[in-house]
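One structure is given below, encoded as structure tokens.
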Amino acid sequence: MMNMRARTYFILAVLAFLAAVVYIIWLPSEVDNELLKTVEQLHKRHGADIAKDDYRVIVDYSLPIYSKRLWVIDAKTGDVVIHSHVSHAWKSGFLFATDLSNEVNSEKSCGGAFVTDKAYNGDFGNAMRIKGLDAGINDNAYSRAIVFHESFWPWSRGCFMTLPSTNRKLIDLTGGGALLYVNGR
């Protein structure tokens, strides 16, 4: 008989497999035009904090975990240069990140406007720090060590995890001052 921990991992693996099957059946959507408008408004509002103007990063947590819900948009052309899967925190919800938090030690995802910071090599390989720009909503992201890092697992403890190849390209294009907007549900 399996112990509780092994049973939990088994159930998570089965659910991740089922999510992958659903993903294959339900193809991801394009970035929403309203999100693009919101990002441009946020760029104007937070322009003084944005050092890197070439790209905008969007994470849409209104989409389920099995959808491609991360976009990197070329600001000059409007072209999508990255469209990828991205994790959310397990404590924020199973398929959707519905319970976002700014609270330290909450192990939940957070939303709002951010600016990308420095890249570094951490416990999970290539990573990039972010700073929250919205007081009371995500301004604890830096002290919470909410970062982009590479992983194959769909749920995190608050970080944005992407596949290693996506993560490297994302960091190379946007590290050091690009706008990131995380749309909550």
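General remarks:
- This structure gives Cα extents along the principal axes in Å, computed directly, and of (1) 51, 40, 29; (2) 58, 36, 29; (3) 61, 38, 34 that value is listed as (2).
- Rounded to 5, the percent of DSSP beta bridges in the chain classed as antiparallel: 70 percent
- Averaged over residues, the count of other Cβ atoms within 10 Å places the peptides 88-95, 132-139 in the sequence 88-95, 132-139, highest first.
- Placing a label point 7 Å from the Cα of ARG45 along the Cα-to-Cβ direction, the residues of segment 148-185 whose backbone N falls under 12 Å of that point are 181-182.
- Between segment 116-139 and segment 152-182, the alpha-carbon center distance in angstrom: 9 Å
- You can think of it this way: the chain between ALA16 and LYS118 has 33.6 nm of extra reach, that is 0.36 nm per residue less the Cα-Cα gap.
- Pairwise FRET efficiency - THR38 versus LYS91, Cβ, R0 = 22 Å, nearest 0.05: 0.30
- Taking a straight Cα-Cα cut-off under 20 Å and skipping sequence neighbours fewer than 8 places away in the same chain, the aspartates and glutamates within cross-link reach of LYS37 are ASP49, ASP53, ASP54, ASP60, ASP74, ASP79, ASP134.
- HIS88 long-range amide H proximity, modeled H, under 5 Å: SER156
- Computed from the C-beta positions of THR77 and TYR142 and an R0 of 22 Å, the FRET efficiency is 0.10 to the nearest 0.05.
- Sorting the segments 5-15, 69-79 by their residues' average number of neighbouring beta-carbon atoms within 10 angstrom, most packed first, yields 69-79, 5-15.
No value in this document is a laboratory result; all are computed from the given coordinates. These numbers were taken from a predicted model, which means no experiment stands behind them. In this analysis, Cβ positions are derived from the backbone assuming ideal geometry, glycine residues included, and neighbour counts consider all displayed protein chains.
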